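**Q** First the structure, then my questions, so here it is.
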Amino acid sequence: MFTSTGSSGLYKAPLSKGLLLVPSALSLLLALLLPHCQRFFVYDLQAVKDDFQIWRLICGRIICLDLKDTFCSSLLIYNFRIFERRYGSRKFASFLLGSWVLSVLVDFILVEAVWYFFGIAAAGNLPSGFLAPVFALFVPFYCSIPRIQVAQILGPLSITNKTLIYILGLQLFTSGSYIWIVAISGLASGLCYHSKVFRLHQALCIPIWMAKFFSWTLEPIFSSPEPATEARIGMGATVDIQRQQRMERLDRQLTLSQFAQVRRQRQQGGIINWNRLFPPLRQRRNVNYQDGRRSEQQASPPLEVSEEQVARLMEMGFSRGDALEALRASNNDLNVATNFLLQH
């Protein structure tokens, strides 16, 4: 399910790769080799207020001291790398920076509210790490990633391509006593930044000169090669499963190429005839290709497109015409239509 929202690997996601490698390595280093140095990375708001240890707002919010939080947040960052591919590293970094800064203010408000209403001092027990921006990424994930049903269980309950991500977020949400404060602050800051309240996306953004500097210095270090087109098949797969997977990949490639050809014809003023698009390969096994007239007479009418899927694609910024063409050409497969529109 992790690959349902983007292709595998970290291609075109150098910032996500850096967030996966550097904080995780430092977290393991502190836990295994330098446990006496962990006190410098404790996220203690009480020390910030009483002793003016402002540096804890930086050190305490970068490295996770709990390895379970490190593992869960790393999996979520790997999944959310799709936003870096879609928006670019600079905009993705601006979102992380904005939510990281805003979440500090929300942390102070929530800690004071808990003390005022319940008499609980939570300022010194907040979990450390790059957690608030991870929770903030759930806001664009919920708003812009289409929900596609994978399976249905227990009647109305269904499993979608996003279910595992929400379960992982819930696991991270319940991993500590006061991590819910960081989670709520992250969601609130992500909502404020994503909705462009008070133009925060313009005030809290990475300058162009800084983005160019890091692109020139760090991007070559954390860049990843483009993944191979042919996906590897597990060692336990049978010949029939391998053949079926190859047929599905070829079917998808044919659909995308046909849709690209149709779009070029439309741009050149050609007439689009959706009935002439090739049917899927698995529906062509028992078709007599020599009987052209018979297949032409039995051509199916234009495919009806779900307005809900059209609305989802339009929410992602695509025009209604492109959404209709993509869904019709992909036989109402929202994954195929979304991938093509994002790549072209």
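**Q** Condition first: open to solvent by 50 Å² or more (accessible area, probe 1.4 Å), touching a residue at least 60 places away in the same chain (Cβ under 8 Å) and not charged (D, E, K, R). Can you find one or more residues in region 29-37 that meet it?
**A** Looking only at region 29-37, we keep the residues that are open to solvent by 50 Å² or more (accessible area, probe 1.4 Å), and these are 29, 32-36.
If we keep only those that are touching a residue at least 60 places away in the same chain (Cβ under 8 Å) too, we end up with none.
Within region 29-37, none of the residues are open to solvent by 50 Å² or more (accessible area, probe 1.4 Å), touching a residue at least 60 places away in the same chain (Cβ under 8 Å) and not charged (D, E, K, R).
**Q** Considering only residues that are crowded, with 22+ Cβ neighbours inside 10 Å, β-branched (Val, Ile, Thr) and not in a helix (DSSP H, G or I), which ones fall in region 58-79?
**A** 63 - this is the single residue of region 58-79 that is crowded, with 22+ Cβ neighbours inside 10 Å, β-branched (Val, Ile, Thr) and not in a helix (DSSP H, G or I).
**Q** Could you list, ordered by first residue, the pairs with Cβ atoms under 6 Å in which the first is in region 303-316 and more than 14 Å from residue 336 (Cβ to Cβ) and the second is not charged (D, E, K, R), at least 6 apart or interchain?
**A** What qualifies is 310/323; 314/323; 316/144.
The values are calculated or read from the model by the stated rules, or taken from the named source; none is laboratory data. The shown structure was predicted, so the numbers you read here are calculated from the model rather than taken from an experiment. Positions of Cβ are backbone-derived with ideal geometry, glycine not excepted, and every protein chain shown enters the neighbour counts. These area figures cover heavy atoms from the full protein model, side chains too; ligands, DNA and RNA do not enter into them. Shrake-Rupley method; radii C 1.70, N 1.55, O 1.52, S 1.80 Å.
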